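Structure first, commentary second.
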Ligand SMILES: Cc1ncc(COP(=O)(O)O)c(C=O)c1O
């Protein structure tokens with residue numbers, strides 16, 4: 001097993017475009033896997049036009065060609081979208097899944113899970129790390145999963161995520177604002193010609209809100225999964241106050 005600059009070894013195709021995958025398969029004979037986020041986080045909170053069904057289509061392509069089907073669930077995993085992992089919104093099952101972020105609820109830890117054809121590709125010692133697999137990190141993950149499994153936190157993520165999205169679109173939809181995402185992975189798409197360069201700073205300074213703008217014009221919100229209705233209302237109202245002056 002070798003590790004080297006992976007970036008050059010990826011062929012990039014547009015998200016959600018199965019025809020582009022089939023074309024890549026024709027153009028290149030050394031493809032061994034598909035690696036994809038169920039919802040693109042940094043790329044602008046992109047969801048496929050056919051939603052999570054896209055993952056099932058990808059798995060079909062992988063199985064037909066003996067490619068590994070690999071998911072990056074670093075952002076989408078660990079309850080963020082209302083399921084343990086976002087692929088569980090579909091019937092797809094990945095061979096490899098990477099995750100981090102919510103896995104440790106703030107504690108630095110990441111994980112790579114494998115099954116089926118991917119089993120045994122990594123053995124003990126093939127991927128070492130000074131702090132990898134520490135008992136403390138493992139215990140933290142265990143506690144996070146205890147909470148996910150034994151509380152209504154994932155249901156809450158779905159209910160409150162929808163509430164925030166609906167509140168924003170009810171008020172700002174008339175100005176061309178729309179929403180996308182799943183659970184507490186929320187994208188608020190602003191008109192493409194809107195100048196968003198100051199939004200992150202203004203949100204922090206004027207509204208005491210930490211947001212991100214991804215893909216140029218999509219406000220990305222990744223709120224805590226356990227927010228109360230009162231807190232969700234505050235987030236939505238502050239965002240509306242932040243954005244409304246842009247539409248006058
Ligand atoms: C979707 C996605 N994948 C991978 C990473 C990298 O994760 P890590 O910092 O745990 O290597 C990030 C970090 O932001 C991410 O958002």
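Every number in this text was worked out from the coordinates using simple rules, so none of it is lab data. In this text the structure is predicted, and so the values were computed from the model without any measurement. Here Cβ is always computed from backbone atoms with ideal geometry, including for glycine, and neighbour counts include all displayed protein chains.
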### Query
Roughly speaking, what is the centre-to-centre gap between the stretch 92-128 and the stretch 1-70 when only Cα atoms are used, to the nearest Å?
18
### Task
Evaluate E = 1/(1 + (r/R0)^6) for residue 117 and residue 143, where r is the Cβ-Cβ distance and R0 equals 41 Å; express this FRET efficiency to the nearest 0.05.
0.80
#### Entry: Nitroxide proxy distance, nm - points 7 Å out along Cα→Cβ at residue 17 and residue 180
1.4
### Task
Output the peptides 168-178, 46-56 sorted from most to least packed, where packing is the average of other Cβ atoms within 10 Å over each peptide's residues.
46-56, 168-178
### Query
Over all pairs of distinct alpha carbons, what does the Kirkwood formula give as the hydrodynamic radius of the stretch 153-247, in Å?
13.1
### Message
Quick check on packing: order 121-130, 88-97 by the mean number of other C-beta atoms within 10 Å, highest mean leading.
### Response
88-97, 121-130
### Task
Please work out the Cα convex hull volume for the chain and give it in Å³ per residue.
156
### Query
What does a probe at residue 244 reach in the stretch 170-203, counting residues whose amide N is under 15 Å from the point 7 Å along Cα→Cβ?
170-175
### Message
Bins of 10 Å, beginning at zero and ending with the bin holding the largest distance: percent of Cα pairs per bin for the stretch 18-149, please.
### Response
11, 38, 35, 14, 2
### Summary
Mean Cβ-within-10 Å packing, highest first, puts peptides 38-44, 190-196 in the order 38-44, 190-196
### Query
So what is the calculated 222 nm ellipticity per residue for the chain, using -39500 (n - 2.57) for each DSSP H run with n of 4 or more, over all residues, to the nearest 500 deg cm²/dmol?
-11000 deg cm²/dmol
### Query
Of all DSSP beta bridges in the chain, what percent run antiparallel (nearest 5)?
70
### Message
On the principal axes of its Cα set, how long, how wide and how thick is the stretch 78-144? Give whole Å, largest value first.
### Response
36, 30, 14
### Query
Counting other C-beta atoms within 10 Å, which of 8, 37 has the fewest, and how do the rest follow?
8, 37
### Query
Label-point separation (nm) for residue 152 and residue 66, each offset 7 Å from Cα along Cα-to-Cβ?
5.0
